[in-house]
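Visitor: The structure follows.
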Amino acid sequence: MTQQAIILGSTSPFRKSLLEKLNIAFSCAKPQVDETPLVNETPQALVERLAILKAKAVANEHDNALIIGSDQVATCDGEILGKPHTAENAIKQLTKFSGKCVTFYTGLAIYSSTSSTVKSLVEPFKVHFKQLNQQDIENYVNAEQPLNCAGSFKSEGLGICLFDRLEGDDPNSLIGLPLIRLNELLQSFDFNILANQNK
C-alpha cells in the first residue's frame, strides 16, 4: 500500500511553520467549518469537536491521506477568550491577565481518508502572567501587534516578557500544534516521522 499523504487542514502560518519543524512532506488545505460554540459546550469539548470537523472538512478532496485538524482557545477565570482584532481589545485582555493564569486548550485530530477513522485529543497548557503595568502592556501591544492571536500575545516572540512561568508538556501547543502528541497520533496510524524525512 502506498504511503498516505499528510495534509494540514489549516491555513494558519503558525501551524504550518510548526509542522515544517518535523521535516516531512505535507500540503495545506483550507477547512470550511462553523466555529460557533454549542450551548454549554466546555472549552475542551469545543476544541476537540472543531479539530475533528476541520480534519474531516477537507477529506473528500484527498484520497489516501492523513489529515491533521487543530483548534485552540484560551480561557481565564472560566471565560473563553477570542482573538482581540484591535489594539484596544488586546490591551483589555492583557490587563485582565495581569497576575493570573491563562489556560490554553489545543484540540488535535487526525482523520484517515483511507479508513474513515479519526483519533483526537486535547492538550492543555498554562501561562502564568507577571503583574503587568499599563505602560508595559501598551508597549508590548504596539511593538508586536498580536491582534490575530488568542490571548493577545505571541509566546514565540516578545510575549515571553509578560510571563512569570509556563506550565505544560509541549511549548509548541501554545503556538497551535502540539508536536509531541502529533507524533504519537501519527504513529498510531503507522506513520513514522523519522522514517519519512525529506532528504
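The values are calculated or read from the model by the stated rules, or taken from the named source; none is laboratory data. Bear in mind that the values here come from a model prediction, so they are computed numbers and not experimental data. Counting neighbours? That spans all protein chains shown, and the Cβs are built from the backbone with ideal geometry, glycine included. Calculation scope for accessible area: heavy atoms of the full protein, side chains included, ligands and nucleic acids excluded. Shrake-Rupley method; radii C 1.70, N 1.55, O 1.52, S 1.80 Å.
Visitor: Among L53, L66, L38, which is the only one that is at pLDDT 95 or above, more than 17 Å from the chain's Cα centre (by Cα) and either farther than 23 Å from T114 by Cβ or not in a loop (DSSP other than H, G, I, E, B) (or both)? Let's see the steps before the verdict.
Guide: Values: L53 fails: more than 17 Å from the chain's Cα centre (by Cα); L38 fails: at pLDDT 95 or above.
Of L53, L66, L38, the one residue that is at pLDDT 95 or above, more than 17 Å from the chain's Cα centre (by Cα) and either farther than 23 Å from T114 by Cβ or not in a loop (DSSP other than H, G, I, E, B) (or both) is L66.
Visitor: So if I check each of A150, A109, which one is assigned to a loop (DSSP other than H, G, I, E, B), closer than 21 Å to S10 by Cβ and either in contact with a Ser or Thr (Cβ under 7 Å, 6 or more places away or on another chain) or among the aliphatic types (A, V, I, L, M) (or both)? Outline the logic, then answer.
Guide: Working: A109 fails: assigned to a loop (DSSP other than H, G, I, E, B).
After ruling out the rest, the residue left standing is A150.
Visitor: Next question. For segment 172-197, how many residues are open to solvent by 10 Å² or more (accessible area, probe 1.4 Å), of a type outside the set (A, V, I, L, M) and assigned to a helix (DSSP H, G or I)?
Guide: Adding up the residues that qualify gives 7.
Visitor: Return only the number of the condition from (1) assigned to a strand (DSSP E or B); (2) in contact with a helix residue (DSSP H, G or I) (Cβ under 6 Å, 6 or more places away or on another chain) that E156 does not satisfy.
Guide: Unmet condition: (1).
Visitor: Which residue pairs have Cβ atoms closer than 7 Å, lie 6 or more positions apart in sequence or on different chains, and pair a first residue in segment 90-117 that is among the hydroxyl-bearing types (S, T, Y) with a second residue that is surrounded by fewer than 19 Cβ atoms within 10 Å (Cβ to Cβ) and in a strand (DSSP E or B)?
Guide: Note: pairs meeting the criteria are T103/P124; T103/K126; Y105/P124; Y111/V118.
Visitor: Then there is this: Looking at segment 180-198, can you tell me whether even one residue there is touching an Asp or Glu at 6+ places or on another chain (Cβ under 7 Å) and under 22 Å from S70 (Cβ atoms)? Steps first, answer last, please.
Guide: From segment 180-198, those touching an Asp or Glu at 6+ places or on another chain (Cβ under 7 Å) are 180-181; that's our starting set.
Okay, now just the ones that are also under 22 Å from S70 (Cβ atoms), so 180-181.
Among the residues of segment 180-198, at least one is touching an Asp or Glu at 6+ places or on another chain (Cβ under 7 Å) and under 22 Å from S70 (Cβ atoms), which makes the answer yes.
Visitor: For T86, state whether it is open to solvent by 10 Å² or more (accessible area, probe 1.4 Å), in contact (Cβ under 8 Å) with a residue 24 or more places away in the chain, in contact with a helix residue (DSSP H, G or I) (Cβ under 8 Å, 6 or more places away or on another chain) and closer than 18 Å to D136 by Cα. Before you say what the answer is, go through the steps one by one.
Guide: On the way: open to solvent by 10 Å² or more (accessible area, probe 1.4 Å): yes; in contact (Cβ under 8 Å) with a residue 24 or more places away in the chain: yes; in contact with a helix residue (DSSP H, G or I) (Cβ under 8 Å, 6 or more places away or on another chain): no; closer than 18 Å to D136 by Cα: yes.
No; evaluated as a whole, the condition is false for this residue.
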